[in-house]
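These notes are about the structure you will find just below.
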Amino acid sequence: MRATQDLNPVLRNEVTREAMDIDNVSSIADVSVRLSRKEENLKELPLDFYGPARDKDFVGDVQYAISYDFGKEELSISLVQASELKACDIGGLSDPYAKVYVLPDLKNKKQTKVVKKNLNPVWNESFQFKVPCTKFGDHTLVIEVFDYDMFGTHDMIGALHLPLDKMDLSSRIEATKNLRLPDEADLDSGFGEIFINTTYLIREEILRIKLIECRKLRRMDDTGFSDPYVQIGLYKKGKRVLKYKTSVHKATVDPYFNETFDLKLPRPQVVSASVLVTVKDHDRFGSCDVIGRIKLAKDVVGTGLKQWMQTFEKPNIPCTIGHVLEDPALFK
């Protein structure tokens with residue numbers, strides 16, 4: 001019986017059953033063959049046999065309810081809760097909150113409370129937006145979940161885009177859906193995109209950053225364009241130690257820079273370093289407004305983390321990635 005104890009628990013009953021039915025087999029070898037076949041069958045079980053399998057990019061899900069008042073032309077969204085959120089803090093938790101807005105209006109964003117140290121936050125908060133039913137095809141409801149950071153960037157955990165014309169709003173909708181990684185969102189952020197090439201020259205201990213181009217930048221001027229330039233800052237332990245900026249490109253939302261900067265970054269300092277890339281609209285007589293930002297570091301999520309990790313995991317090999325610019329308000 002000791003040999004039986006060493007078997008897969010699922011097979012243990014099979015040994016007993018075969019032993020009780022020994023008159024129906026010609027030899028012990030026959031029992032062995034039968035058990036081997038059962039072992040093979042177990043190997044062929046689907047991956048979700050022991051429960052639903054999680055995709056490697058799973059960052060959590062969000063439960064919500066949506067209703068529409070056709071008389072008032074008012075969209076109501078209730079953010080109930082999120083569950084199994086990705087941990088963003090060193091302690092294995094997050095401080096999550098959610099933002100909700102209806103594209104293309106980026107000014108009217110609503111925000112839930114912050115739930116401290118929790119991967120399953122409960123909000124139960126409702127928000128209303130004025131949206132004409134005749135314009136559903138032009139509007140998309142966006143839910144974004146962030147990890148609050150008192151002193152740094154609020155990292156986006158995941159997002160959900162819900163085109164209004166794809167939903168039946170004749171009755172209340174209640175659903176739970178998986179959040180998607182920031183770089184997999186269906187639509188851009190409304191702030192634009194930036195394409196960056198990075199190389200870590202390991203012998204020289206230099207982080208080389210080439211700012212290639214921006215696309216579809218937010219229009220900041222009355223002319224319907226912007227006068228964009230890019231500023232990069234190297235931070236060590238949260239303190240900026242270097243700052244560079246590109247030339248200004250006049251009256252465009254698709255500037256091509258192709259400018260390279262070398263940042264001295266010794267290998268021992270990489271773990272505590274980060275790079276903040278800021279796209280600004282140049283104003284000759286006033287302050288230069290921020291169009292959008294992206295942070296390259298090990299403590300963020302999405303494309304910022306992807307480029308940072310690939311750059312240092314494969315030194316001397318150029319890495320080019322396009323980033324959706326994030327709301328400047330997230331960096332305050």
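Over the range 170-314, what relative contact order in percent results from Cα pairs under 8 Å that are six or more residues apart?
23 percent
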For the range 284-329, state which trypsin sites (Lys or Arg not before Pro) are in a DSSP loop and have at most 11 other beta carbons lying within 10 Å of their beta carbon.
R284
Identify the chymotrypsin sites (Phe, Trp or Tyr not before Pro) of the range 226-332 meeting these criteria: DSSP loop state and at most 16 other C-beta atoms within 10 Å of the C-beta.
F285
Let me have the relative contact order for the range 241-321, percent, based on Cα pairs under 8 Å that are six or more residues apart.
17 percent
What distance in nm lies between label points placed 7 Å from Cα along the C-beta direction at Q310 and N258?
2.1 nm
Pull out a ≥ b ≥ c, the square roots of the eigenvalues of the alpha-carbon gyration tensor of the range 87-240, then state rounded if a/c is under 1.5, prolate if not and a/b is larger than b/c, and oblate in the remaining case.
oblate
Under the Karplus relation with 6.51, -1.76 and 1.60 and θ = phi - 60°, whole-Hz ³J(HN,Hα) for the range 308-323, x at Gly and Pro, equal 4, 5, 5, 5, 8, 6, 10, x, 6, 10, x, 10, 10, 9, x, 10
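When R172, R203 are ordered from fewest to most other Cβ atoms inside 10 Å of their Cβ, what list results? Walk me through the numbers before you get to the answer.
Values: R172 11, R203 7.
So the ranking, lowest neighbour count to highest, is R203, R172.
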Once fully extended, how much extra length lies between R180 and V241, figured as 0.36 nm per residue of separation less the alpha-carbon to alpha-carbon distance?
18.6 nm
Could you calculate the contour length gain from F70 to K166, that is, 0.36 nm times the residue separation minus the distance between their Cα atoms, to one decimal place in nm?
32.9 nm
Candidates per trypsin sites (Lys or Arg not before Pro) in the range 116-148, loop by DSSP, up to 13 other Cβ within 10 Å
K116, K117
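Every number in this text was worked out from the coordinates using simple rules, so none of it is lab data. In this text, all values refer to a predicted model and were calculated from it rather than measured experimentally. All Cβ positions, even for glycine, are placed from backbone atoms using ideal geometry, and neighbour counts span all protein chains on display.
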